[in-house]
Every structure is written in C-alpha cells, then in structure tokens.
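Reading through the structure tokens given below for one structure.
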C-alpha cells in the first residue's frame, strides 16, 4: 500500500451538533491540490472520527459560493428555500448548493452531482437555525484561502 499524500493544512473551525458530533471546516491538500473539506465528525471512545457525511470544494467554488451564502439573511425564517447554484468541481462533477427542508428541518444542503450517475453519496446538511455560524465559517474559510504566505525565506 502506498503512502497517503493527504494532509490537513489548516483547521478553520467547527459547527457543534447536539449528540451527532460536529461539522468541521478544513483546508486540506491531496497530491499537491488544495481543497476545502466540510465534514461531520463523531466522538467514539474519546476520539474524534470523520464520517462519510461531507464533501470537498475547490478554492474556485469557495470564491463564488461564499458571497452567495453571506448574502443570505441572518434570520433563518427569512431565508427562502431556493437553489444557490451549481458549481463545477471537475469535468462531469459539480456541487449543487441550496436551502431546503428535510424531515421538517430546514438546512443548507451541499451535494455532489455526477453527470453520468446523478446524485452521489457525497454531501452535507447544515442546520439553517445556525446560519450566522455557518456564514462565519464560510467567510473564515475564504479569508484563509486568500491569505498570502509570508515572504521570510
């Protein structure tokens, strides 16, 4: 088995969930490519473990998506159910983002779509009642991606 080239470059923050753990926002690198990971983690035996709930976003998607999320009202009751956009991830794969309702709970859904297969299992549901925290996490992510490295070499 080959060595993994995955590493977390920066932890942005997390959105704690009741008994379901937390959703973490991180900037990661895999095979020299930077991306943003939005993933649910759960506590097991005193350790925090990632789940399959989540997806990755390219820096280009973040650049376009964050202004749309920041434009949403801070009051969840004022946020309309609507698609915010469909963002190309790579050839044949995109991320669809929208506000909707599932089992009576409103949320911001980020889901992956493949042109030849339809919806994939990759995605995350962010509870809309936490919209202010969600906006801050996305804003902090964009700011971190835009930071310039120091010139002290």
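Observations
- The requirement of being within 18 Å of residue 36 (Cβ to Cβ), out of contact with any strand residue (DSSP E or B) (no Cβ under 6 Å at 6 or more places or on another chain) and without any contact (Cβ under 8 Å) to a residue 40 or more places away in the chain is satisfied by residue 90.
- The range 53-79 - residue that is outside any helix (DSSP H, G or I) and within 13 Å of the chain's Cα centre (by Cα) and, of those, surrounded by the most Cβ atoms within 10 Å (Cβ to Cβ): 57
- Residue 56 vs. criteria within 18 Å of residue 147 (Cα to Cα) and touching a residue at least 24 places away in the same chain (Cβ under 8 Å): no
- Count of residues meeting criterion [modelled with pLDDT under 90 and either under 24 Å from residue 66 (Cα atoms) or in a strand (DSSP E or B) (or both)] in the range 18-46: 5
The values are calculated or read from the model by the stated rules, or taken from the named source; none is laboratory data. Computed from a predicted model, the values in this text were never measured in an experiment. Note that each Cβ is placed from the backbone with ideal geometry, even for glycine, and that neighbours are counted across all protein chains shown.
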